Amino acid sequence: MVDEQRAIDFLDRFVDGQPKRFFRDLDDSGKGLYAILRMLALADDETVAGDIAVALGMSTPRVASALRTLESRGLIARMPSDRDARRTVVRITMGGREALRAKQAELAKLVDYLMENVGEADMYEFLRVSRKIGAALNKIVEKSDGKE
């Protein structure tokens, strides 16, 4: 039997405990810009928007919107493929690489701060529990999709 009040209390505590500004600002308002730049920095030069959507589990409209934002900031460039001119590939620019390095340095400082103030053991425990929660949630999604 589901204890609705317990679930509501838990969710209220979870939401109240979130450093909202941090999570909101972590990846440019949740648009996935940092994740896309990171992927492009590691990818070959023939990455297309569809590859990004699949790899990051994002919808194609969301990827298209994020790419427009990144392109307007000069962080990526879209151009015809060297192998097939009918395809448009997405490449990270030098400005994108610099922005990515700056974000990674910012995140490294943040993780260092958290390790010192929360404790390394607790941070790794948080990751362990987060993975366990993620696996349980994936099972629910798989069941609802009929994959199990």
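Enter the accessible area per residue of the chain (Å², integer; probe 1.4 Å; all protein chains in place). Intermediate values should be presented prior to the final figure.
On the way: 10930 Å² over 148 residues.
On a per-residue basis, 74 Å².
Just the Kirkwood number for segment 24-148, please: inverse of mean 1/r across all distinct Cα pairs, in Å, one decimal.
Working: mean 1/r = 0.0598 Å⁻¹.
One decimal place: 16.7 Å for the Kirkwood radius.
So what is the orientation-averaged projected area of segment 34-99, using the convex hull of its C-alpha atoms, in nm²? Show your work: numbers first, answer last.
Numbers: hull surface 16.3 nm².
If you wrap the Cα atoms of segment 34-99 in a convex hull and average its projections, you get 4.1 nm².
So who's got an amide H within less than 5 Å of the one on V89, skipping anything under 5 residues away but keeping other chains? H placed 1.01 Å off N, in plane.
Residues meeting the amide H criterion: M79, S81.
Roll a 1.4 Å probe over the protein heavy atoms and report the accessible area of F14 in Å², nearest 10.
It works out to around 110 Å².
Excluding residues on the same chain fewer than 8 positions from K132, give the aspartates and glutamates whose Cα lies under 19 Å from its Cα.
Of all the aspartates and glutamates, those that pass the test against K132 - Cα under 19 Å, at least 8 places apart if same chain - are E120, D122, E142, E148.
Through the Karplus equation 6.51 cos²θ - 1.76 cosθ + 1.60, θ set to phi - 60°, convert the phi angles of segment 127-134 into ³J(HN,Hα) values in whole Hz; use x for Gly and Pro.
Per residue, the Karplus-derived 3J(HN,Hα) values read 4, 4, 5, 4, 5, 5, 5, x Hz.
At a probe radius of 1.4 Å, what is the per-residue accessible area of L42, in Å² to the nearest 10?
Rounded to the nearest 10, that gives 140 Å².
Over the chain, what percent of the accessible surface lies on carbon and sulfur atoms, probe 1.4 Å?
Details: 6100 of 10930 Å².
Ligands and nucleic acids excluded, carbon and sulfur reach 56 percent.
What number, in nm² with one decimal, is the all-direction average of the projected area of the convex hull of the alpha-carbon atoms of segment 80-130? Intermediate values should be presented prior to the final figure.
Values: hull surface 23.4 nm².
Quarter of the Cα hull surface area: 5.9 nm².
Given only helices, namely DSSP H runs of n ≥ 4 each adding -39500 (n - 2.57), what is the per-residue ellipticity at 222 nm of the chain, to the nearest 500 deg cm²/dmol? Kindly include the intermediate steps, with their values, before the conclusion.
Values: 7 runs with 102 residues, N = 148.
The per-residue figure over the chain is -22500 deg cm²/dmol.
If you place +1 on the Cβ of every Lys and Arg, -1 on the Cβ of every Asp and Glu, and leave all else neutral, what size is the dipole of the chain about its Cα centre, to the nearest 20 Debye? Please list the in-between numbers first.
Working: 25 positive and 25 negative charges, 106 e Å.
The calculation lands at about 500 debye.
The values are calculated or read from the model by the stated rules, or taken from the named source; none is laboratory data. Just so it is clear, the model here is predicted, and its values are computed rather than measured. Here Cβ is always computed from backbone atoms with ideal geometry, including for glycine, and neighbour counts include all displayed protein chains. We work out accessible area using only protein heavy atoms, side chains counted, and drop any ligands, DNA or RNA first. Shrake-Rupley method; radii C 1.70, N 1.55, O 1.52, S 1.80 Å.
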